[in-house]
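Below you'll find the structure, written out as structure tokens, and then a few comments.
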Amino acid sequence: MDIHIHKDKQEVAKQFALFFNTLVQNKPLVHVALSGGSTPKVLFDILASEFKDNINWSAIHLYWGDERCVGPEDEQSNYRMTVDHLLSKINIPSENIHRIKGESQPLKEAKRYGHILQKQLPTLDGLPVFDLVILGMGDDGHTASIFPHEINLWNTNENCVVATHPETGQNRVSLTGPVINSARTVAFLVTGENKAEKVDEIIHQKNGYEDYPAALVAPLSGKLVWYLDESAAKNLLI
Ligand code: 6PG
């Protein structure tokens, strides 16, 4: 496991932007799944301001690891957040952007998006292979939109499933475990003290850690990187 600890969210985002830049350099085609959440927001701002002209955006195809079932203009839409902080500021062909349609009927959309992945991405053993999947982690140990109360959704034969937020009941469309674990590289961006307990339990495999979807992230490639701020990593530093 590759763990990078930086001072704060801003520094995590900055260092990850450098990692991202290196990963995509000189590649003719790169498939990346983005995440929602507060750290990606800062990452997108940095990519838009500092990497706008350094990265060949036309080689990059963007997807989402999960989406809230709301319209693309909604404040809660992960797509909208990405448009506001990144897509509206860079030169990326519109055909490179593959959003999850949060406004569609969730089951139908999970199926449609699963097919898109199957069609667009190279496959290995029948599963679509991303070059990079970016993930966040909630303080309950969820990742993408697979929550602990629905951990059974992690291991399914589908590329995408419909999940339900445990508190709000909001539907989400999410990638499943087999797709996440087929990626060439998976990167967690986790910041904030409220994540410290789960980060420690998962990384050190403590106390029933397997009940947390984030603990099931184990890419077959072996390339799992954690980008943490000092607050989220605080129990690792003791
Ligand atoms: C979402 C996410 C989700 C997120 C975590 C962490 O759409 O909500 O994809 O999995 O990454 O909840 O979010 P923060 O970075 O804001 O803590």
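The values are calculated or read from the model by the stated rules, or taken from the named source; none is laboratory data. Quick caveat, the model's predicted, so the values are computed rather than measured. Cβ placement follows ideal geometry from the backbone for every residue including glycine, while neighbour counts extend to all protein chains displayed. Each accessible area value is taken on the protein alone, full model and side chains, heavy atoms only, with ligands, DNA and RNA left out. Shrake-Rupley method; radii C 1.70, N 1.55, O 1.52, S 1.80 Å.
Within the stretch 1-29, residues that are among the hydrophobic types (A, V, I, L, M, F, W, C) have Cβ atoms under 9 Å from residues that are open to solvent by 70 Å² or more (accessible area, probe 1.4 Å) in these pairs: 5/230; 5/237; 13/41; 17/50; 24/56, counting only partners at least 6 apart in sequence or on another chain. For the stretch 90-109, a residue qualifies if it is out of contact with any Leu (no Cβ under 6 Å at 6 or more places or on another chain) and either open to solvent by less than 70 Å² (accessible area, probe 1.4 Å) or within 18 Å of residue 39 (Cβ to Cβ) (or both), and the qualifying residues are 90, 92, 93, 96, 98, 99, 100, 102, 104, 106, 109. Taken over the stretch 3-39, residues that are away from the ligand (no atom under 15 Å from the Cβ) and modelled with pLDDT under 95 amount to 1. Taking residue 134 as the residue in question, decide whether it is in contact with a strand residue (DSSP E or B) (Cβ under 6 Å, 6 or more places away or on another chain), within 25 Å of residue 104 (Cα to Cα), near the ligand (Cβ under 10 Å from one of its atoms) and open to solvent by less than 10 Å² (accessible area, probe 1.4 Å). So residue 134 passes the test.
Counting just the residues of the stretch 198-216 that are open to solvent by less than 10 Å² (accessible area, probe 1.4 Å) and aliphatic (A, V, I, L, M), which one comes out farthest from the chain's Cα centre (by Cα)? The qualifying residue farthest from the chain's Cα centre (by Cα) is 199.
Just name the residue that is nearest to residue 104 (Cα to Cα) out of those in the stretch 44-81 that are within 12 Å of the chain's Cα centre (by Cα) and within 13 Å of the ligand (Cβ to nearest atom). Step by step, filter the stretch 44-81, then rank; the result is 67. Candidates in the stretch 15-37 are the residues that are touching a Gly at 6+ places or on another chain (Cβ under 9 Å) and part of a strand (DSSP E or B); of these, the one that is surrounded by the fewest Cβ atoms within 10 Å (Cβ to Cβ) is 34. Can you confirm whether residue 126 is surrounded by 15 or more Cβ atoms within 10 Å (Cβ to Cβ) and either more than 18 Å from the chain's Cα centre (by Cα) or within 14 Å of the ligand (Cβ to nearest atom) (or both)? Judged against the criteria, residue 126 is not a match. Looking only at residues of the stretch 140-153 that are among the hydrophobic types (A, V, I, L, M, F, W, C) and open to solvent by 10 Å² or more (accessible area, probe 1.4 Å), we find that the one that is nearest to the ligand (Cβ to nearest atom) is 144.
Per the listing 158, 193, 230, 210, the residue uniquely free of Cβ contacts under 8 Å to residues at least 12 places away in the same chain and either charged (D, E, K, R) or within 20 Å of residue 77 (Cα to Cα) (or both) is 210.
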